[in-house]
Structure formats: structure tokens, C-alpha cells
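The values are calculated or read from the model by the stated rules, or taken from the named source; none is laboratory data. Just so you know, these numbers come straight off a predicted model, no measurement behind them. Because the Cβ atoms are built from the backbone with ideal geometry, glycine has one as well, and the counts that use them run over all protein chains shown. SASA here: full protein model, heavy atoms, side chains in, ligands and nucleic acids out. Shrake-Rupley method; radii C 1.70, N 1.55, O 1.52, S 1.80 Å.
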Amino acid sequence: SRRGTPRGADIQVDLELNFHDAVFGVDREISLTKAVKCERCAGLRAEPGTKMKDCETCGGSGSIVQNQRTILGTMQTRRVCSECQGDGQIPEALCESCRGVGLEHKRKTMNVKMPEGVSEGDTIRVRGEGEATSRGVSGDLYLRVHVRPDSRFEREGDTIRSRAEIGFTQAALGTKIDVPIVDGGEVTLTIPSGIQSGTELRLKGKGVPRGGHRGDHLVTIQVVTPKKLSRQQKKLLEELGA
């Protein structure tokens with residue numbers, strides 16, 4: 001029997017995103033050179049205005065049958081006709097542009113929407129944007145994601161993490177500080193009095209959005225101990241200790 005519908009080869013491309021675009025998604029323009037159907041003959045391989053005819057090699061069947069004698073008797077094998085590539089027909093006159101191949105290599109530019117919440121190593125499939133074939137369907141395009149790190153943030157699933165440094169006095173008395181968020185800009189975070197170094201404070205709903213849900217942003221507070229103190233500062237700390 002004839003083969004099933006031929007399918008073009010898949011293409012894989014590495015795509016680099018910055019941290020923000022990986023979190024919130026982005027429309028990216030992708031350009032690549034690939035096999036597309038010939039514009040002149042629309043992949044039919046025949047010069048426009050001419051007809052197709054039955055392949056003389058296979059008699060229009062699309063396959064070649066061969067008989068071979070073995071010790072077990074006569075074995076029959078069937079292979080795809082190399083002349084018509086299984087179509088059973090060939091052009092009366094080959095397309096002048098592609099010389100009967102049905103394909104041409106061209107640079108194609110397309111816009112691809114990257115979904116929100118993609119991570120390092122994720123693969124996004126774009127159907128039908130792989131290599132074309134003259135007698136079937138095109139393959140797919142696979143975009144392998146690479147995310148540039150952001151020194152301010154780390155990511156664990158849908159959770160964003162960051163660190164904020166405060167002084168000893170701020171930790172003891174409590175304060176308010178501005179911390180950067182992945183959306184851009186800053187938000188005010190209230191530091192309760194007596195906070196310990198390593199405590200995590202939660203910014204609810206400021207993490208990674210995905211599937212109608214958005215994670216949280218955890219800020220780890222680091223209390224910085226001063227390395228040099230004046231005599232007056234030392235005296236005050238000694239009094240506090242007393």
C-alpha cells in the first residue's frame with residue numbers, strides 16, 4: 001500500500017528570554033531559514049499550466065514490487081518508488097523555479113507568543129512551522145527556552161525569592177523598607193520590631209502568574225551587624241545590653 005501522509009522535519013531553536021519576560025510572557029519575533037513550498041508551483045512540482053502523468057517506473061502505483069527466491073520460497077517485497085516518491089504521478093514539465101522538487105529554502109519571520117511562567121529548559125511547540133514537504137504536512141517548530149538570571153531575584157516554581165538587608169536598629173525597632181518586585185518598581189514592606197535575621201516576609205500575589213493563579217514573593221531579611229562602631233555607639237549598645 002502507499003505510504004501515509006508525508007511529514008516535514010521538525011526544527012528546534014534555542015530562545016533566550018530575560019527574567020521578566022519568562023515570568024509574564026512575551027511576543028517574540030522569530031526568523032529562520034527553512035524549506036517552504038515553492039511559490040511558483042505551490043509544491044506540486046509541475047510547471048503551472050501543465051498536467052501530471054502516471055509514473056512510468058511504478059505504473060502509477062507509487063511502489064515497486066520485487067520477487068526474490070530464497071530457500072524458503074519466493075519472497076515478495078514492496079518499496080516506495082524513487083521516481084515519484086510514492087505519489088504515483090510525476091509532472092509532464094518540471095517547475096522552472098524548484099526544478100521539480102516542490103520546495104525552496106527561504107528566510108521566514110513569524111511572531112510567537114511565549115506563555116507566562118516558562119522556565120529554563122522548557123520547550124514550546126509551534127505546530128506547522130517546521131520544514132515543509134511538497135507532498136504532505138509541515139513539521140513543527142520547537143523553541144527551547146533559556147532564561148537570563150536576574151541578580152535581584154530567584155525563582156522556585158511560582159514563588160519569587162529575594163533578600164533585603166536592614167540594620168540592627170531597624171531590626172530592633174521595626175521599620176518600613178522599599179523592595180524591588182518582578183513586576184518592575186518597588187513596594188513598601190513593613191518590618192516588625194524584633195525581627196531575626198533569616199526571617200521570611202511574604203508579599204502575597206507578587207510571584208509568578210500561571211493558569212489564572214499567581215504565586216507569592218518571599219523576602220528573606222538579613223540583619224547586618226556593623227563592623228566598626230564609634231565609642232558613643234559602643235557605649236549605647238553596652239547600655240542596651242545591660
Practice item. Specify which of the listed residues (SER151, SER138, SER134) is more than 14 Å from ARG28 (Cβ to Cβ) and surrounded by fewer than 13 Cβ atoms within 10 Å (Cβ to Cβ). Key: SER151
Review point. What about THR33, is it within 29 Å of the chain's Cα centre (by Cα) and assigned to a loop (DSSP other than H, G, I, E, B)?
Key: no
Review point. Restricting the first residue to the stretch 124-148 and requiring it to be at positive phi, which pairs with a second residue that is open to solvent by 30 Å² or more (accessible area, probe 1.4 Å) meet a Cβ separation below 9 Å and a spacing of at least six or different chains?
Key: GLY128/VAL137; GLY128/SER138
Check your understanding: touching a strand residue (DSSP E or B) at 6+ places or on another chain (Cβ under 9 Å), without any contact (Cβ under 8 Å) to a residue 24 or more places away in the chain and closer than 14 Å to ARG152 by Cβ: does that describe VAL219?
Key -> no
Exercise for review: Just give me the residues in the stretch 134-149 being touching a helix residue (DSSP H, G or I) at 6+ places or on another chain (Cβ under 8 Å), part of a strand (DSSP E or B) and farther than 11 Å from GLN12 by Cα, in sequence order.
Suggested key: VAL147
Review point. Taking the stretch 83-118, which residues are open to solvent by 40 Å² or more (accessible area, probe 1.4 Å), part of a loop (DSSP other than H, G, I, E, B) and in contact (Cβ under 8 Å) with a residue 12 or more places away in the chain?
Key: GLU83, GLN85, ASP87, GLU92, GLU96, SER97, VAL101, PRO115, GLU116
**Study point:** Conditions (1) of a type outside the set (Asp, Glu); (2) open to solvent by 20 Å² or more (accessible area, probe 1.4 Å); (3) over 21 Å from the mean Cα position of the chain (by Cα): number failed by HIS146
**Key:** (3)
Point to revise | Those residues of the stretch 205-242 which are within 14 Å of VAL179 (Cα to Cα) and of a type in the set (Lys, Arg), in sequence order | key: LYS206
Revision key, fill the gap. Taking the stretch 1-52 and keeping residues basic (Lys, Arg) and either modelled with pLDDT of 90 or more or open to solvent by less than 30 Å² (accessible area, probe 1.4 Å) (or both) leaves ARG28, LYS34, LYS37, ARG40, ARG45
Study note, to complete from the structure: By residue number, the members of the stretch 185-231 that are hydroxyl-bearing (Ser, Thr, Tyr) and touching a Lys or Arg at 6+ places or on another chain (Cβ under 6 Å) are THR188, THR190, THR220
Check your understanding: Just checking, how many residues over the stretch 67-82 are free of Cβ contacts under 8 Å to residues at least 12 places away in the same chain and either small (Gly, Ala, Ser) or within 20 Å of LYS51 (Cα to Cα) (or both)?
Key -> 1
Point to revise | the stretch 162-212: number of residues that are part of a strand (DSSP E or B) and either β-branched (Val, Ile, Thr) or under 14 Å from HIS20 (Cα atoms) (or both) | key: 11
